[in-house]
Each structure stands twice: as structure tokens, then as C-alpha cells.
Amino acid sequence: MARKQFDLIVFDWDGTLMDSTSTIVKCIQAAARDLKLPVPGDDRAAHVIGLGLHEAMQAVLPDIDPAFYPRMVERYRYHFLSRDHEISLFPGVHDMLEELSQNGYFLAVATGKSRVGLNRAMNDVKVLSLFDATRCADETFSKPHPAMLQELTRELGQDMRRTVMIGDTTHDLLMANNAGAAGIAVEYGAHPVDQLHACNPLYSAKTVAELHQWLSEHA
């Protein structure tokens, strides 16, 4: 099948491929509770998903003593590790990735997760072999800095103008804008639809099935 617009398709992980938004929110809240800090509401906690873990803790609780941030990260990791076996891919994601891979697209992940966390998650849901490259927040600049996309295109010898970033947060779409790549929003993750649309994505998918169909027809 001839590729129409893109050679490289980059996915965010949490909230885009992995149905993990509510678990992440609960783990952020549990970490704050453990340390007797103000517990952020669901929307506030969801908004920082996609950032590197340290940046996320600073953003979700900006007014606390900075000495608490490393302890927030530690408590978050404790809670997430105790629950990550419960998390699965969104229905339809595996089939979509397999089809895109078979059709010759380069596939990559750009995520706020750590390298250890991403490798464990990808291994658990058996998609490691479907991706050509991945980039994590503890290896480079956090979103929305363009570095992840710049590094992925360089590593795979791809053109940024034929690269698309797909994500459920404004952090993903702003990274695409900053890098000069196309951006596609998914509306079933962490950020409200109006905030996603304000980033002017090329397309906005309400479901994985809609995303799959659009990529099959237009990518």
C-alpha cells in the first residue's frame, strides 16, 4: 500500500495506546496523600500526564516545598508498580499497530514514562517488536520540547515533514508543532477536547477505531 502523507508514525503511550489515565491520576493522588500534601483533583492530576515524572509532580503541586518532589516521585512509582499489571492496551490498538507495521510504516513511541517503565509495559502487552524506536522522558527533554521527535527522526533517517505525532494531551500536540511535524489528537485520554483542538491537530479521533480508519485511509 502506497503511503500518502507519512513514513513515520509516532505514538504517545499513556492515554493514547495504553488505557492508563485513571490509574495514573489515582497514583498521583495517593502519593500526595502519603506525604500529607494537598491532594490534586482528577482534572489537575490528568493534565500533567505526558510530562516527565519530575516535571509532572512540579506542575501538579507547584506551591509545595521542592524537597517533596523526589518523595512524590518515589511514592508515585510505588503505587504505580503495584497496579501496572492491571493496565491494558485500549481495545483495537494491537490490531492497528500490526496493520501499520505490515504496511511498512516506521512506528515509534515518544513518552513521559521512564525507559524502565516503558520497556516493562511494552513487554507486558507484547508490542515491543512492532516499534522501530522509542524515546522516554528520562533520556532527553520532556514534552512539549521537540527533542523526542528530532531524535526519533534522526535515528530512523526520516523527514520531519513526513512524520506525525499522535497523542491525547496538548503536550504531545505542542511537541509536534514545535518540531514541525503533523499532530493527531485522540479524544479518549487525559486532556479536554477543546484544549486539544486549540493546538490545531490535523485530525482528532474520538475512538481507537476512528484513528485506525483515518490512518488506513489518509496516512
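The values are calculated or read from the model by the stated rules, or taken from the named source; none is laboratory data. None of these values were measured; they are calculated from a predicted model. Neighbour counts are summed over all protein chains in view; Cβ atoms, including those assigned to glycine, are modelled from backbone coordinates with ideal geometry. Just so you know, the surface numbers come from the protein's heavy atoms only, side chains and all, with ligands and any DNA or RNA stripped out. Shrake-Rupley method; radii C 1.70, N 1.55, O 1.52, S 1.80 Å.
Can residue 176 be described as modelled with pLDDT of 95 or more, open to solvent by less than 20 Å² (accessible area, probe 1.4 Å), not hydroxyl-bearing (Ser, Thr, Tyr) and not assigned by the TED database to the domain that holds residue 55?
yes
Counting only residues that are open to solvent by less than 60 Å² (accessible area, probe 1.4 Å) and part of a loop (DSSP other than H, G, I, E, B), how many does segment 44-76 have?
Result for segment 44-76: 5.
Looking at (1) farther than 30 Å from residue 154 by Cβ; (2) open to solvent by 10 Å² or more (accessible area, probe 1.4 Å); (3) not charged (D, E, K, R), find the lone condition where residue 32 falls short.
Looking at each condition in turn, residue 32 falls short on (2).
Within segment 110-168, track down each residue that is touching a residue at least 12 places away in the same chain (Cβ under 8 Å), in a helix (DSSP H, G or I) and of a type in the set (Ser, Thr, Tyr).
153
Anything in segment 77-93 that is assigned to a helix (DSSP H, G or I) and surrounded by fewer than 12 Cβ atoms within 10 Å (Cβ to Cβ)? List them, or say none.
82, 85, 86
Within segment 203-210, is there a residue that is part of a loop (DSSP other than H, G, I, E, B) and open to solvent by less than 40 Å² (accessible area, probe 1.4 Å)?
For segment 203-210, residues part of a loop (DSSP other than H, G, I, E, B) and open to solvent by less than 40 Å² (accessible area, probe 1.4 Å): absent.
Scan (1) crowded, with 23+ Cβ neighbours inside 10 Å; (2) closer than 25 Å to residue 121 by Cα for the single condition residue 181 breaks and write down its number.
(2)
Residues in segment 7-24: is at least one surrounded by fewer than 22 Cβ atoms within 10 Å (Cβ to Cβ), in a helix (DSSP H, G or I) and without any contact (Cβ under 8 Å) to a residue 60 or more places away in the chain?
For segment 7-24, residues surrounded by fewer than 22 Cβ atoms within 10 Å (Cβ to Cβ), in a helix (DSSP H, G or I) and without any contact (Cβ under 8 Å) to a residue 60 or more places away in the chain: present.
Specify the residue that is surrounded by the most Cβ atoms within 10 Å (Cβ to Cβ); the eligible residues are those in segment 94-131 that are of a type in the set (S, T, N, Q) and in contact with a helix residue (DSSP H, G or I) (Cβ under 6 Å, 6 or more places away or on another chain). Steps first, answer last, please.
Going residue by residue through segment 94-131, those that are of a type in the set (S, T, N, Q) are 101-103, 111, 114, 119, 123, 129.
Filter once more, keeping what is in contact with a helix residue (DSSP H, G or I) (Cβ under 6 Å, 6 or more places away or on another chain): 101, 111.
On the way: 101: 17, 111: 28.
So the residue we want is 111.
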